[in-house]
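Here the structure comes first, spelled out in structure tokens, and everything after it is commentary.
No lab work stands behind these numbers, since they all come straight from the coordinates. It should be emphasised that the depicted structure is a prediction, and the values quoted were computed from it without experimental measurement. Cβ coordinates were reconstructed from backbone atoms using ideal geometry, including for glycine residues, and neighbour counts include every protein chain displayed.
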Amino acid sequence: MNQYNHVNILGTRGVPAAHGGFETFAEKLALFLVRQGIGVTVYCQSDGPVDLKGREDHWNGIHRVHFGTRRSGAAGTMEFDLACVRHVRKRPGVDLVLGYNTAVFNLLQRLSGRRVLMNMDGIEWKRRKWSAPAKLWLLLNEIIGANLANVAIADHPEIGRHISRRCLKRPVVIPYGADSVLAADDAPVRALGLRPDEYFVSIARIEPENSILEIIEAFLESGTNMDLVVLGRLDPDNAYHRKVRALGRGRVRFPGAIYETDAVKALRFHARAYFHGHQVGGTNPSLVEALGAGNAVIAHDNRFNRWTAGPGQRFFRSVHDCRDHVARLSVDTLAVKQAREAARNRHAEAFRWHDILGQYQDLLLGGEVRVPVQVPAE
């Protein structure tokens, strides 16, 4: 079998998607490639009994290999990644690794003469939640991944520029994608006691680098009569989560983490505006999905969000800035309409799934990306 007629996808929890952005991308790409007549294997981490030999099955034309690990958490992920690397060395095809967190293991693939493409994700080691040893591990693996991969893929021009400092090769920039949402049932919105177009929404992990406290404080100071919905898991043992809940108590709705796709889609589509407080990262999937849903956006002002959201949106560096944006969008329907149009235009310009997946297909089949995104100059 020609190696370019088969693609192996490693680095995610597997398909069908049930966890996050990489899993959604893996599912979208795998199904797309299968429709093009390309064989696809996706490695899946199972929650069942320990199984490091690999249980194989098929789902929607996709060949899946499942591993159950002895450990949980980060140690279990490392055990899973190593099992995948050992297994894939005996498989035909080209390997797409999503994330660099265990890039040191992927050296085994290169030593076996395999073609490896690696999506470098965000600047994971800079996240405040990691301990110093964890940051060092992630930094080292970022450097290893950028240099061992035949092709390093960045999902944002700024990530591309960052990665270009790590290696002699020039990375390829292909952003994340999202579906265009033109309609959504409002039943999930009303089930939460909300009214369409009369609430703001945040959909993110509840942690300091996502500016959740700042967003809630700005919302409370704005004087708006609209609601704020903050999606995300709240752990009573987490000090930051306790602060978030205490600040928003009685005024902010905390429905928890919602994974039902139609419900999340409806909450985005019917929102007055979407908050994106992420301070680090690349083309964040949640922001791209907001653009696809035609959301007016209020985002943290940084080079990542500026490029992704594009012109016509609002950005904040302080609680004061954010407060003013909330107050304005609460009453200015024309401003909301213009921001929504800008969101749809930006999505159509850069983040349509068909375009994104086509670029990956070109790259995986050994060619050039049809619509390359240039890495900004220093």
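Using Cα atoms only, what is the angle between the long axis of helix 319-331 and the major principal axis of the chain, expressed in degrees (0 to 90) to the nearest 10?
Long axis of 319-331 versus the principal axis of the chain: about 70 degrees.
State, to one decimal in nm, how far the label point of residue 139 lies from the label point of residue 192, with both points 7 Å from Cα in the Cβ direction.
3.8 nm
Which of the lysines could a cross-linker bridge to residue 129, judged by Cα under 19 Å and excluding same-chain residues fewer than eight apart?
243
With the chain treated as a Gaussian network of Cα nodes joined by springs under 10 Å, which of 56, 142, 207 yields the largest mean-square fluctuation?
For the chain, modelled as a Gaussian network with Cα springs under 10 Å, the answer is 56.
Angle between the Cα long axis of helix 212-222 and the longest principal axis of the chain, 0 to 90 degrees, nearest 10?
20 degrees
Applying 1/(1 + (r/R0)^6) with R0 = 25 Å to the Cβ-Cβ distance of residue 328 and residue 183, what FRET efficiency is obtained, to the nearest 0.05? Could you put the intermediate results ahead of the total?
Numbers: r = 27 Å, r/R0 = 1.07.
That pair, residue 328 with residue 183, gives E of 0.40.
HN-Hα J couplings of the stretch 127-135 from phi, Karplus 6.51/-1.76/1.60, θ = phi - 60°, integer Hz, Gly and Pro as x?
These are the phi-based 3J(HN,Hα) values: 5, 5, 6, 8, 6, 4, x, 5, 4 Hz.
Using +1 on the beta carbon of Lys and Arg, -1 on that of Asp and Glu, and nothing else charged, what's the dipole of the chain about the Cα centre, debye to 20?
In total the dipole reaches around 780 debye.
Can you compute the modelled spin-label distance between residue 349 and residue 147, with each label point 7 Å from Cα toward Cβ, in nm?
Distance between the two pseudo-spin positions: 3.7 nm.
Within 10 Å, at most 15 other Cβ atoms, and a DSSP state outside H, G, I, E, B define an exposed site. Report the longest part of the chain free of exposed chymotrypsin sites (Phe, Trp or Tyr not before Pro).
The reported range is 1-129.
Set the Förster distance to 25 Å, then compute FRET efficiency between residue 337 and residue 302 from the Cβ-Cβ distance, nearest 0.05.
E(calc), rounded to 0.05, equals 0.45.
Under 13 Å from a point placed 7 Å out from the Cα of residue 243 along the Cα-to-Cβ direction: which residues of the stretch 108-148 have their backbone N that close?
129
Once every DSSP H run of n ≥ 4 in the chain is given -39500 (n - 2.57) and the sum is divided by its residues, what mean residue ellipticity at 222 nm do you get, rounded to the nearest 500 deg cm²/dmol?
-13000 deg cm²/dmol
Scan (i) 1.07; (ii) 2.44; (iii) 1.00 for the value of Cα Rg over 2.2 N^0.38 Å calculated from this model and give just the label.
Computed from the coordinates, Cα Rg over 2.2 N^0.38 Å corresponds to (iii).
Could you work out how much longer the chain between residue 168 and residue 251 gets when fully extended? Use 0.36 nm per residue separation minus the Cα distance between them, nm to one decimal.
That pair, residue 168 and residue 251, stretches by 24.7 nm at full extension.
Would you please classify the overall shape of the stretch 187-350 from the alpha carbon gyration tensor, given that a ≥ b ≥ c denote the square roots of the eigenvalues, rounded means a/c under 1.5, and beyond that prolate means a/b larger than b/c while oblate covers the rest?
Because its axes are fairly even, with a/c under 1.5, the stretch 187-350 counts as rounded.
A 32 angstrom limit on the alpha carbon distance is what I want to check against. Which of 135/337; 28/135; 126/169 exceed it?
Exceeds cut-off: 135/337.
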